[in-house]
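The values are calculated or read from the model by the stated rules, or taken from the named source; none is laboratory data. Note that this is a predicted model, so its numbers are computed, not measured. Using ideal geometry, Cβ is built from the backbone for each residue, glycine included, and neighbour counts are taken over all protein chains shown. Side chains are part of the model used for accessible areas, which takes the heavy atoms of the whole protein and leaves out ligands, DNA and RNA. Shrake-Rupley method; radii C 1.70, N 1.55, O 1.52, S 1.80 Å.
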Amino acid sequence: MDRFGGYRRVLREPVLRRVLPAALVSALGDGMALVAVAWLALQLAPPSQRGLWTGLAVAAYALPATVGAVLLGPLVRGLGGARLVAADATLRAVTLGAVAALGTAGLLRPAAYVALLAVSSLLHAWGGAGAYTLVAEVLPEEDRVTGNALLSTFALGSTVVGPALAGVLTALTDASTVIALDAASFAVLAAVCWPLRPGPAPEGAPDTGGLRVIMGYPQLRGLLAVTCVFFFLYGPVEVALPVHVADQLHGSARLLGTFWAVFGVGAIAGGLGAGLLRHSPLWTVVASIVVGWGLALLPAGLTDAAVPAMVGFGAGGLIYGPFTAICAALYQRTSPAALLSRVLAASNALTGPSAALGTLLGGPVVGLIGGRRTLLASALLTVALGVVVAAATVRPAPPGGNGSRPDPR
């Protein structure tokens with residue numbers, strides 16, 4: 001059996017053959033923004049308020065997407081996948097282009113900067129939903145995990161390559177120039193997606209929000225709950241690891257960067273491998289990923305040795321890599337086609353803040369019990385979550401609770 005035939009079929013699909021390269025360019029631009037957004041905030045803010053404005057800028061580049069998923073739903077929920085991607089990319093390109101132009105001209109002020117970043121992110125939950133909706137529109141179910149895997153791997157890869165590239169470009173030019181490149185990357189994606197012929201108009205789609213749809217489907221409720229808890233338990237890791245590296249491992253920022261680089265390389269490999277799992281029971285894969293990530297954290301939580309912890313992070317990245325693609329496939333499989341973009345946008349709006357809340361909680365927890373013990377607590381609770389998910393997926397479903405599709409109205 002040809003294990004990689006699914007990737008060849010996806011790459012031969014005419015729409016995706018055009019969209020995927022543009023999505024890769026856009027993901028790379030977004031990865032560069034991880035550095036450029038914070039660095040420009042540092043340059044704009046008064047010295048005594050750098051922490052405040054940097055935190056606001058980083059939050060503004062992501063969190064308003066949750067607000068946009070709710071408030072802008074009535075305006076965009078009737079759009080197909082390509083149109084949603086194009087609308088989000090256009091808004092990003094225009095607002096980030098304004099940031100770059102004002103910054104280059106020396107006219108940008110911190111408050112205006114944060115406001116423009118917030119506007120730029122308003123449609124991002126819908127844009128992400130549109131990408132996976134487009135996969136479902138143009139691919140048969142057999143190949144959707146593979147299509148999802150390419151999209152999710154672009155995002156994972158961008159967090160490895162993008163920041164490093166942004167660091168080099170910022171040193172050679174400035175942060176405004178890097179943000180201009182981010183804007184240009186979204187302009188490329190918008191230019192590719194707007195001319196695409198819209199998919200068939202959804203017939204008989206009720207006027208209802210994505211969260212209400214999710215609540216009407218047992219499998220979707222469970223998937224959303226598992227993802228939110230999983231991301232929440234991951235959140236403290238982003239606080240605990242730097243403290244652990246500094247206090248217990250007596251390492252530097254370079255060692256911390258190496259940890260995340262190892263994780264990123266593993267995640268890219270795991271994400272590309274998601275297509276090989278397309279015939280596996282997807283809920284079993286979800287449970288295995290949750291348990292596997294928890295186990296991979298244990299070396300960091302149990303020892304003060306860098307090498308075992310780093311091996312664990314690499315293995316954890318490999319294990320986590322397929323998670324987004326598999327979850328997207330479960331949403332695609334279970335949701336009514338006419339409501340898929342709404343469901344995915346609602347999911348995006350809730351899962352992102354879950355990790356942010358976990359990170360916020362991580363601060364006081366690390367202060368109370370230390371970095372290594374916080375990593376251990378996250379590992380053990382994550383393993384427990386995975387065991388619960390595994391137990392729930394093998395339990396016989398009650399009548400009417402097997403993922404049947406009720407009327408979501």
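Results, tabulated for the structure shown:
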item	result
One residue from 192, 168 being within 27 Å of residue 94 (Cβ to Cβ), at pLDDT below 90, open to solvent by 20 Å² or more (accessible area, probe 1.4 Å) and part of a helix (DSSP H, G or I)	168
Of the criteria (1) in contact with a Gly (Cβ under 8 Å, 6 or more places away or on another chain); (2) at positive phi, which one residue 106 fails	(1)
Selection within segment 291-318 - farther than 17 Å from residue 230 by Cβ, open to solvent by 50 Å² or more (accessible area, probe 1.4 Å) and assigned to a helix (DSSP H, G or I)	302, 307, 308, 311
Criterion violated by residue 91 - all others in (1) free of Cβ contacts under 8 Å to residues at least 40 places away in the same chain; (2) farther than 21 Å from residue 22 by Cα satisfied	(2)
Condition check for residue 276: closer than 28 Å to residue 261 by Cα and surrounded by fewer than 20 Cβ atoms within 10 Å (Cβ to Cβ)	yes
Some residue of segment 121-136 being free of Cβ contacts under 8 Å to residues at least 60 places away in the same chain, surrounded by fewer than 20 Cβ atoms within 10 Å (Cβ to Cβ), over 30 Å from residue 273 (Cβ atoms) and among the hydrophobic types (A, V, I, L, M, F, W, C)	no
Residue satisfying condition, being surrounded by 20 or more Cβ atoms within 10 Å (Cβ to Cβ), at pLDDT 90 or above and touching a helix residue (DSSP H, G or I) at 6+ places or on another chain (Cβ under 9 Å), within set 102, 108	108
Matching residues in segment 221-254 - criterion: being in a helix (DSSP H, G or I), open to solvent by 40 Å² or more (accessible area, probe 1.4 Å) and closer than 22 Å to residue 35 by Cβ	234, 238, 242, 243, 246, 253, 254
Check on residue 353, within 26 Å of residue 213 (Cα to Cα), at pLDDT below 90 and in contact with a Cys (Cβ under 9 Å, 6 or more places away or on another chain)	yes
Subset of segment 339-361 (residues that are farther than 19 Å from residue 145 by Cα and open to solvent by 30 Å² or more (accessible area, probe 1.4 Å))	350, 352, 353, 356, 357, 359, 360, 361
Enumeration of residues in segment 255-278 that are more than 17 Å from residue 327 (Cβ to Cβ) and either in a loop (DSSP other than H, G, I, E, B) or in contact with a strand residue (DSSP E or B) (Cβ under 7 Å, 6 or more places away or on another chain) (or both)	none
Number of the exception - residue 90 against (1) out of contact with any Leu (no Cβ under 6 Å at 6 or more places or on another chain); (2) farther than 22 Å from residue 181 by Cα	(2)
All positions within segment 298-324 that are closer than 23 Å to residue 277 by Cα and in contact with a Pro (Cβ under 7 Å, 6 or more places away or on another chain)	312
Single match in 97, 78, 55, 68 (criterion: out of contact with any Cys (no Cβ under 8 Å at 6 or more places or on another chain) and not in a helix (DSSP H, G or I))	78
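Table: residues versus (1) modelled with pLDDT of 90 or more; (2) more than 30 Å from residue 6 (Cα to Cα).
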| residue | (1), (2) |
| --- | --- |
| 230 | yes, no |
| 235 | no, yes |
| 248 | no, yes |
| 256 | no, yes |
| 267 | yes, no |
| 287 | yes, no |
| 305 | yes, yes |
| 323 | yes, no |
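Conditions tested, residue by residue: (1) modelled with pLDDT under 95; (2) open to solvent by 30 Å² or more (accessible area, probe 1.4 Å); (3) more than 26 Å from residue 335 (Cβ to Cβ).
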| residue | (1), (2), (3) |
| --- | --- |
| 41 | yes, no, yes |
| 67 | yes, yes, no |
| 92 | no, no, no |
| 95 | no, no, yes |
